Structures are given as C-alpha cells and as structure tokens.
Amino acid sequence: MSSPATARRLWALAEPFHALTYFAPECRDAAEQAGLRGFWNGYFAQRAAPLGATGPEVVTAVFYNFAPAFVARRLPAVWADVSPAAALDARLAGIDAAVRRVLGEEWIGSDDAVEAMDLAATG
C-alpha cells in the first residue's frame, strides 16, 4: 500500500538523480550540441522526446505542472531544430556523462549499478 509519506520518500531518493538530467552541465551541453538553444527548448525536447514530435497539448497534459502557453512557446517549434530521436540521444549522452562524473567510472560496472539496473527493470 502506498502513502503520501512513501511517495515523498521515493521522490527524495530519486530527485537528485532526476535533477542531473536537466541541470548538469553535461546535459545542457548535449542539448546545445544537438541544436537546442536555450534551457527550456532543451528541457522540453529532451523530456518529451519519447512521446515523438508531439505538440503542446499532449506535453502540457503529460507534464501537468506547466502553463499551456509556456509549453506552446517551445513546442512544436523545437522539432524543427532536432528530431525526437536526436533529442533522446542527447538526453542519454548527457546523463551518461553526468553520472560518470558524479559517481565515477568505476561505478558503472559496480554491483550497486547492476542492482540499481535490476531494480529499475522490475518496476
């Protein structure tokens, strides 16, 4: 059974890793290298990429906490600069580089990394 306390605890444990995806310099650099200029263009393109080249209505509904006009200033225009596949590739490259910097190269093949992967896959 879940509870607000459990949800809050899970958020507190996962948020530092999640925040790397958007705020680590490696992730911002990967977005720039893919052709996404400006933080919010990179944020929306990389986060929405798994949905495909979707528009602001879908992203506003899925992300939930952004004003529709704010999302509409970025989408679908970012898809003229980068494909969803390229945005996703940039997201993965950026987070890979950030995790390697923060946790170290040795972590990648560690027992802890394998356990984390196994736990994530059982979700």
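Computed quantities for the displayed model
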quantity	calculated
Probe 1.4 Å - accessible area at V102, Å² to nearest ten	80 Å²
Test item: Cα-centred dipole of the chain, Lys/Arg +1 and Asp/Glu -1 on Cβ, debye	660 debye
Where trypsin sites (Lys or Arg not before Pro) fall in DSSP loop in region 1-69, at most 12 other Cβ within 10 Å	R37
Two-decimal Rg/Rh across region 57-123, once Rg and the Kirkwood Rh are taken from alpha-carbon atoms	1.13
Cα gyration tensor, the chain - rounded (a/c under 1.5), prolate or oblate	oblate
Helix-only mean residue ellipticity at 222 nm for the chain, each DSSP H run of n ≥ 4 adding -39500 (n - 2.57), per residue, nearest 500	-22500 deg cm²/dmol
Accessible-area composition of the chain, carbon plus sulfur, in percent [1.4 Å probe]	62 percent
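The values are calculated or read from the model by the stated rules, or taken from the named source; none is laboratory data. What you see is a predicted model; the values in this text were computed from it and never measured. Glycine also receives a Cβ, built like all others from the backbone with ideal geometry; neighbour counts cover every protein chain displayed. Each accessible area value is taken on the protein alone, full model and side chains, heavy atoms only, with ligands, DNA and RNA left out. Shrake-Rupley method; radii C 1.70, N 1.55, O 1.52, S 1.80 Å.
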